[in-house]
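Student: What follows is a structure written as structure tokens; I'll ask about it next.
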Amino acid sequence: MHIPDIIIAIDGYSSTGKSSFARLIASEFSFLYLDSGAMYRGVTLLAVEQGLIDSDNIVDIPALRSALLSFDLHFSSTPDGSKTFIGDRCIEKEIRTMEISGKVSPIAAVPCVREFVDMRLREFGKKKRVVMDGRDIGTTVFPDAELKIFMTADLEVRARRRAAEMIAKGDDVSLESVMANLRERDYIDSHRETSPLSKAADALVLDNSRMTLQDQMEWIREVIREKFGNVSD
Ligand code: DC
């Protein structure tokens, strides 16, 4: 299916499968996929490595603001797809640990961090044909995105998927700890002052608790046919 030059914004709760869905959309429609959460995770890694966030998740905001001035965080394509880098160091694996997951929401709530990330994300949107997932893509980063999707799923379904993913990667995690982390992140992400997670008024809700990825692809093809009419197959 060939679709017009648009931006597809996918927002929603943690571990609703936004990135798997977005990756598949990108590959089917030849779009660029961007994982905005990876940028927040990259900034969190910086904060952890430089001791700018303590064990109570209190952030040294002035020091973080100045560290961001020379922080070379970017995406680069590799033979395995696009990955997150600091300079020439690939940080894709380090940013997915439970330690980073436990600290990313307080970091993502800091306004100068959001400015830093938003500026980079908007650069990518200039050429359109981008699918981006996150928490505020349809509300703040690209409020004019032509297609906005808000993803949700039952907490337990999400925790099971996430725990299975982490165990498959060799991480020793319990379902309870993953559920607690998701519950906490949902709360912080939805209640922060700057760009909280919320559904854009014109976003379509996709509850995938009982859907496979293929079901979701069927759903989006139908949405695109309805919204953009004469797309060619
Ligand atoms: O999608 P993810 O779980 O990798 O995102 C990690 C964290 O980053 C998430 O808890 C909230 C934050 N985030 C955000 O605040 N805004 C975005 N656009 C993307 C992620």
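Student: Sorted from fewest to most neighbouring beta carbons within 10 Å, what does the list D35, D154 look like?
Tutor: Lowest count first: D154, D35.
Student: Among S198, S190, which comes first, second and so on when ranked by fewest other beta-carbon atoms within 10 Å?
Tutor: S190, S198
Student: May I ask which of K148/K227; K83/K199; K83/K126 have a Cα-Cα span longer than 18 Å here?
Tutor: K83/K199; K83/K126
Student: Go from 0 up to the bin containing the longest alpha carbon distance in the stretch 133-233, width 10 Å each, and give me the % of pairs per bin.
Tutor: It works out to 13, 34, 35, 15, 3, in whole percents.
Student: Calculate how large, on average over all directions, the projected area of the Cα convex hull of the stretch 1-126 is; give the answer in nm² to one decimal.
Tutor: Dividing the Cα hull surface by four gives the mean projection, 8.3 nm².
Student: A further question on this structure: How high is the relative contact order of the stretch 1-68, in percent, counting Cα pairs under 8 Å that sit 6 or more residues apart? Present the calculation step by step, with values, prior to reporting the outcome.
Tutor: Values: 23 pairs, mean separation 12.2, N = 68.
Relative contact order here is 18 percent.
Student: Decide, for the stretch 52-136, between rounded, prolate and oblate: order the square roots of the alpha carbon gyration tensor eigenvalues as a ≥ b ≥ c, take rounded if a/c falls under 1.5, and otherwise choose prolate if a/b is larger than b/c, else oblate.
Tutor: prolate
Student: If you take every residue apart from I6 with its C-beta less than 11 Å away from the C-beta of I6, what net charge results, scoring Lys and Arg +1 and Asp and Glu -1?
Tutor: Residues close to I6 contribute a combined charge of +1.
Student: Next up: Long-range amide H contacts for L204: which residues qualify at under 5 Å (H placed 1.01 Å from N, peptide plane, sequence gap of 5 or more or a different chain)?
Tutor: When sequence neighbours closer than 5 places are left aside, the close amide H contacts are K148, I149, F150.
Student: Here's a follow-up. What is the extension gain from R120 to E222, computed as 0.36 nm multiplied by their sequence separation minus the C-alpha to C-alpha distance, in nm to one decimal?
Tutor: Length gained, R120 through E222: 33.6 nm.
Student: Further question on the same structure: Among L213, L197, L121, determine the one that fluctuates most according to a GNM of the chain built with springs between C-alpha atoms less than 10 Å apart.
Tutor: The residue that fluctuates most here is L213.
Student: List the DSSP H helices in the chain whose Cα atoms stretch 15 Å or more along the helix axis and whose mean Kyte-Doolittle hydropathy is at least 0.5. Don't skip to the answer; put the middle values down first.
Tutor: On the way: long enough: 18-29 (16 Å, 0.27); 36-49 (20 Å, 0.71); 98-108 (16 Å, 0.54); 111-125 (21 Å, -0.25); 155-168 (20 Å, -0.24); 175-191 (24 Å, -0.74); 213-228 (22 Å, -0.82).
For the chain, where a helix must reach 15 Å along its axis and average at least 0.5, the hits are 36-49, 98-108.
Student: Report the extension gain between T212 and N57 in nm, rounded to one decimal, defined as 0.36 nm multiplied by the number of residues separating them, less their alpha carbon distance.
Tutor: 52.2 nm
Student: Could you rank the peptides 59-70, 44-55 by their average count of other C-beta atoms within 10 Å per residue, with the highest value first?
Tutor: Result, highest mean first: 44-55, 59-70.
Student: What full-extension length gain, to one decimal in nm, is calculated for F71 and D5 as 0.36 nm per residue of separation minus the Cα-Cα distance?
Tutor: Value of the extension gain: 20.6 nm.
Student: A further question on this structure: Hey, could you get me the Stokes-Einstein D for the chain, Kirkwood radius over alpha-carbon pairs, 4 °C and 1.567 mPa s, rounded to whole µm² s⁻¹? Before the final figure, lay out each step's value.
Tutor: Details: Rh = 18.3 Å.
Approximately 71 µm²/s, per Stokes-Einstein.
Every read-out reported here was derived from the displayed coordinates using simple, explicitly stated rules and does not represent laboratory data. Note that the structure is a prediction, hence the values are computed from the model and not measured. Reconstructed Cβ throughout: ideal geometry from the backbone, glycine too, with neighbour counts over all protein chains shown.
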